[in-house]
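Report on one structure; see the data block that follows.
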Amino acid sequence: MAEKVLMKGNEAIAEAAIAVGCRHYFGYPITPQTEIAAYMAKRMPKIDGCFLQAESEIAAIHMVIGAAAAGKRAMTSSSSPGIALKSEGLSYLAGCDLPAVVVNIQRGGPGLGGIQPSQADYFQCTKGGGHGDYRMVVLAPSGVQEMYDYTAWAFEIADQYRVTSMIFSDGILGQMMEPVELRASRQETPQEGKPWALTGTRGQREPNIINSLFMQPEDLERMNLERFVRYAQIEAGETRWEEYLLEDAKIVVVAYGAAARIAKNAVQAARTQGKRVGLLRPITLWPFPKQPLERLAKRVRAFVCVEMSMGQMREDVELATRCQRPVYLCARTGGMVPAPEEILGKLEDASHGCCV
Amino acid sequence: MMTQILLAGFGGQGILFTGKFLAYAGLLEDREVSWLPSYGPEMRGGTANCSVILSDEAIGSPIVLRPDVLMAMNLPSFSRFAPLVRQDGFIFADSSMFAADCGRTDVVCHYVPATQLAANADLDGLANMILLGKLLRVTELCRPESIRKAMEKTVPPRKQQLFESNLKALALGADFGIGEKQG
Amino acid sequence: MAVVFEKPKGLTDAIMHYCPGCTHGIAHRLVAQALDDLDLTGGAVGVAPVGCAVFAYNYFNCDMIQAAHGRAPAVATGLKRADPERIVFTYQGDGDLAAIGTAETVQSAARGENITIIFINNAIYGMTGGQMAPTTLPGQVTQTSPYGRDVTRTGMPIRVCEMLATLESPAYLARVSVDSVQHIRAAQKAITKAFQYQNEGKGFSLVEVISTCPTNWGVTPQQALEWLRTDMLPYYPLGVFRDLFAEKKEG
C-alpha cells in the first residue's frame, strides 16, 4: 500500500486526473472548487500539460470539447452556478459523443445562492444538465479517497463509453482533508485508441467529422438510439451503491455524498438504541441504483431520504420503489447541513409510521 | 475511540495550520482523520475555525458540532463554542487575548496566555503552537514522535527555520503550568 | 491538354448548399487553396460555426468539428492546446463571431491563441432568415429591423478588425472583400498569410471577409455586389489592421 497523504478533496480530484493522464484542464474561478484550478495551475506546467484559465465557464467547457476532440483526456471543474453555464457544452459533448470529465463542487442555490455545501443540483445533473435526449454519468464520492478514486474511474467510463462523467460533490468534500492513498496509475487511452479523433488526415484517410447536427430527424433519432444502447450498457455495467447494515433493516436511510456520512452516524446511533436501521448509499446517481431499492421495498417498512436539497433525490427513490413504501425526507437547503439528531428524529417518525 | 476537536480563532492565527498539523499527527499513527475548515468570507479576516477528528473507526460526518476538545484563540470563538463542548471535555483558551472563563464545571479548562508567552520567547506568531503544545500534553492525543514527524510533513522545506521554533513553541506550551486552573 | 484551373484538394466534392450569388463558396475556396498552397490540408482541423456555414464540415477536406453558436474560438483553443502541431481554424459569421461569441473572439485574440479565424461579414444573420447582426449597417432593413437599423436604439455596427487591433497580442488582422477579381486575389494573399503565420507559430490571425447575402438582402447577386461596394466598404474599409511581423519597408 502506498503511503497516505493528507489532501483536500479538491486537490485529490486534480491529482487523480493528472495520475490517469489528463493533461488538459480548462477552468474558471468559483468557490468552493477553486483549489482544483490552483492545483492544476501549479502542476500542469511542470508535466508538459495545459492549464488554461478561460474567459468564462462556457468557454472552458468548449475548450474541453476541443481537447477531447483532439483525442486527449480533458477536464473542467466548477460549482453550481458555473455548471449551469456549462450546460450548453454538456449537451454538445453528448451530441458529439466526446469523452470528458466535469467536476461539480456544489454550493447552495438558486441564483448566486451561497458558497456553503449543497446537493441541490441533483435534478440538473442527474437528468443530463443540458438540452436534448441524453444522459451523463454522475458519480457521488463521499470522502476524499473516493474523490481521488472516482475521478480515475470517471475518465475510464468517459473513454469506454464516449460520454461525459461528472464528479458530483459539494463544498464539504471539496474543502475537507482526509488521508488519501495515491493509487491511480491507469494511463490515458492513446490517440490510436480513438480513431475518431481529429488528428489531421495527413492525406491518409477520409476526414473525421465531429458533429451534433442532423437535419433529418430519422438520422438524429438513429444517433440518439445508438447512444441509448450505450446508456443501457452503462446502467448494466457501472451502477454502484454501498449497503450498510441493511441485512435486518426495517427502515432504510438513502443518502449520498457528504449527507451519507452524516446519515451513517445517525444509523449507528439508531442501532445503539436497538432500532433496525440501515443505509443505502447511491454511488452512481445516474445510473441510479434502482434494483436494490426495488428489492428492499419488498421487505422494509419505510425509507428516509437524507439530502442537502428539498427532496430532489427522493423522487428517484419513490420511482425506484414504485411508491410501495413511505419515503420520508430529512432535508436541509441553502447550504445548511443536516445534523445527526435531525435524522434520528425523522427515523423516529418513520418507525412510528407517522405521515410522510 | 473518537476524538472530535474544534479549533477556532481569528484568521491569521494559524488555526487551519494547527488543525492540519494535528490531523497529520493522527494520520502518522494510522488513525482515521478528517480536517474540515470553515470556508468563505470568514477566511478573509474574520473568525476561522476547523473541525478535526481523530478516530480508530471510519469517520462519518467530518463536521464537529459538539467537540470533545476546543482550542479557542479569540473571544468570539470562545463564547460561541465553549458551551458546546461535551461533558468531561477539554477547553484550551489563549488567555492573553481575553479574560476567559466559561463558567462550566463539567469540563476541564486550561487558560494559557499563549500570545504573551510567544512574544516573551521571541516566538511571535506561534501562539497557536504553544496552545497546541498544552493541548497535546494534557490530552495525550498523539505520541511525541508523531508530533515531530507531523512537523516534518507540514512545514514546507523552504520554511525550515520554522521547524525548530515550532517545536520550541510546542514545548513551551506543554510545560506551561502556572495559571492553570480547573473548572 | 494543360490544366489551367482546378478545385483545391482542400475542398471535398460535396455540392454546396449556399444560395446563388452567395460569396461563401469563394471564401471556402480561398481557405482550401491557402491550405493546399502551404501543404497544410492534411494537418488541419477546422471548426464550423452555427450559421450558414454550419455545414462547412462537409466541404473542407480536412478533419472538422461543428461548434456551438459563438464557441468556435474556444473549441479551436482546446484543439490547438491539445495538439499544437495541428493547423486549427474557425470559419464564422458575424452573428456567431461578433454577437453571441464576442467573448470567445476577443479573449482568444487577447491570448494570442495560435489559431486562424476566417470571419465572414455579410451584415446579416443568414441561416435564420435575415435578422439584424452586430454588423448590420445603419438604416439597413432586416427581419428584426424592419424600419431600418435604428442606431439610436441599437448602436452602431461593430468593426471587428479595428476593435481587435486595440489588443496587443494578435499577430495578423486583415479585412478583405470577395466582390471582384482584384479583391479576391488580395483576399487569397491575406488568408494564406494568416495560415502561414499560424504555421510559423506567430499567433492569432483573423481575416474578415466582406461578403454578400443576396437572398436575405432581397437583391440579385449583381445588386448585392454593388451594395457591398457602395454601402459596406465605406463603413468597413479594407486593409491590414495588424501585422506584427510585417517586413519593414525601406524608408
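Restrict the search to region B:80-159; then list the trypsin sites (Lys or Arg not before Pro) that DSSP places in a loop and that have at most 16 other Cβ atoms within 10 Å of their Cβ. Could you put the intermediate results ahead of the total?
Numbers: sites: B:R80, B:R86, B:R104, B:K134, B:R137, B:R148, B:K149, B:K153, B:R158, B:K159; in loops: B:R86, B:R104.
Answer by residue number: B:R86, B:R104.
Between A:I209, A:I251, A:I65, where does the largest GNM mean-square fluctuation fall for chain A, given springs only between Cα atoms within less than 10 Å?
Checking each option, the largest mean-square fluctuation is seen for A:I209.
Would you tell me the mean number of C-beta atoms belonging to other protein chains that fall within 10 Å of each C-beta in A:65-77, as a whole number?
Other-chain Cβ atoms within 10 Å of each residue's Cβ, averaged: 6.
Using mean Cβ contacts within 10 Å as the protection proxy, how do A:94-102, A:150-158 order, highest first?
Output ranking for A:94-102, A:150-158: A:94-102, A:150-158.
With each label point set 7 Å from Cα along the Cα-Cβ vector, what nm distance links C:E85 and B:A99?
Those two pseudo-labels are separated by 7.7 nm.
Can you figure out the FRET efficiency of A:E341 with A:E242, using R₀ = 25 Å and their beta-carbon distance, to the nearest 0.05?
Once the sixth-power term is evaluated, E becomes 0.60.
Based on the alpha carbons, how large is the Rg to Rh ratio for the protein assembly as shown when Rh follows Kirkwood? Walk me through the numbers on the way to the answer.
Values: Rg = 31.2 Å, Rh = 29.3 Å.
With Rg and the Kirkwood Rh in hand, the quotient comes to 1.07.
May I ask you to order C:191-199, C:207-215, A:296-304 by the average number of other C-beta atoms within 10 Å around their residues, highest value first?
For the peptides C:191-199, C:207-215, A:296-304, the packing ranking is C:207-215, C:191-199, A:296-304.
If you put +1 on each Lys and Arg Cβ and -1 on each Asp and Glu Cβ, how big is the dipole of region C:24-243 around its Cα centre, in Debye rounded to 20? Display every interim value, and only then the final one.
Values: 16 positive and 19 negative charges, 44 e Å.
Here the size comes out at about 220 debye.
Between A:L285, A:L139, A:L245, where does the largest GNM mean-square fluctuation fall for chain A, given springs only between Cα atoms within less than 10 Å?
Comparing A:L285, A:L139, A:L245 in the GNM, the peak value goes to A:L245.
As a quick test, which of the pairs C:K7/C:K80; A:K194/C:K7; A:K72/C:K80 have an alpha carbon distance above 23 angstrom in this structure?
Those over the limit are C:K7/C:K80; A:K194/C:K7.
How crowded by other chains is A:202-208, given as the mean number of beta carbons from other chains within 10 Å of each beta carbon?
Working: counts 4, 7, 1, 2, 3, 13, 6.
Rounded to a whole number, the mean comes out at 5.
Which residue fluctuates the most in chain C, going by a Gaussian network model with Cα springs under 10 Å, if the choices are C:D179, C:D94, C:D39?
Greatest mean-square fluctuation among the candidates belongs to C:D39.
I'd like the orientation of helix A:80-95 relative to chain A: the angle between its Cα long axis and the longest Cα principal axis, in ° from 0 to 90, rounded to 10.
Helix A:80-95 sits at roughly 60 degrees to that axis.
Give me the angle, in degrees from 0 to 90, between the Cα long axis of helix A:9-19 and the longest principal axis of the Cα atoms of chain A, rounded to the nearest 10.
Roughly 40 degrees, rounded to the nearest 10.
Taking other Cβ within 10 Å of each residue's Cβ, how do A:M313, A:M336 sort, fewest first?
Least to most surrounded, the residues fall as A:M336, A:M313.
Report the label-to-label distance for A:Q273 and B:D88 in nanometres (one decimal), using points 7 Å from each Cα along the Cα→Cβ vector.
Between A:Q273 and B:D88, the simple spin-label model gives 2.2 nm.
In Å and whole numbers, how far do the C-alpha atoms of region C:13-168 stretch along each principal axis, longest first?
48, 39, 25 Å, listed from the longest principal axis down.
Rounded to the nearest 5, what % of the DSSP beta bridges within region B:2-175 are antiparallel ones? Could the numbers behind the result be given before it?
On the way: 15 of 28 bridges.
Roughly 55 percent of the DSSP beta bridges within region B:2-175 come out antiparallel.
Could you pull out every residue, at least 5 positions away or on a different chain, whose amide H is within less than 5 Å of the one on A:T164? Hs are placed 1.01 Å off N in the peptide plane, and Pro or chain starts have none.
Long-range HN contacts for A:T164: A:A100, A:V137.
Which FRET efficiency value, to the nearest 0.05, do you get for A:H352 and B:R148 by plugging their Cβ-Cβ distance into 1/(1 + (r/R0)^6) with R0 = 56 Å?
E(calc), rounded to 0.05, equals 0.55.
Using alpha carbon centroids, what distance separates region A:57-71 and region A:199-221, in Å?
Measuring centre to centre over Cα atoms gives 18 Å.
Where does chain C land at 222 nm, in deg cm²/dmol rounded to the nearest 500, when only DSSP H runs of n ≥ 4 count, each adding -39500 (n - 2.57), divided by all residues?
-8500 deg cm²/dmol
How many partner chain Cβ atoms sit within 10 Å of a residue's Cβ in peptide C:81-90, on average, as a whole number?
The shielding value for this peptide is 5.
How would you order A:36-46, C:110-120 from highest to lowest mean count of nearby Cβ atoms within 10 Å?
Top of the packing list down: C:110-120, A:36-46.
FYI, it's all coordinate maths here, none of it is from the lab. This one's a predicted model, so the numbers in the text were calculated from it and none came from an experiment. Don't worry about glycine lacking a Cβ; one is built from the backbone with ideal geometry, like all the others, and counts go over all protein chains shown.
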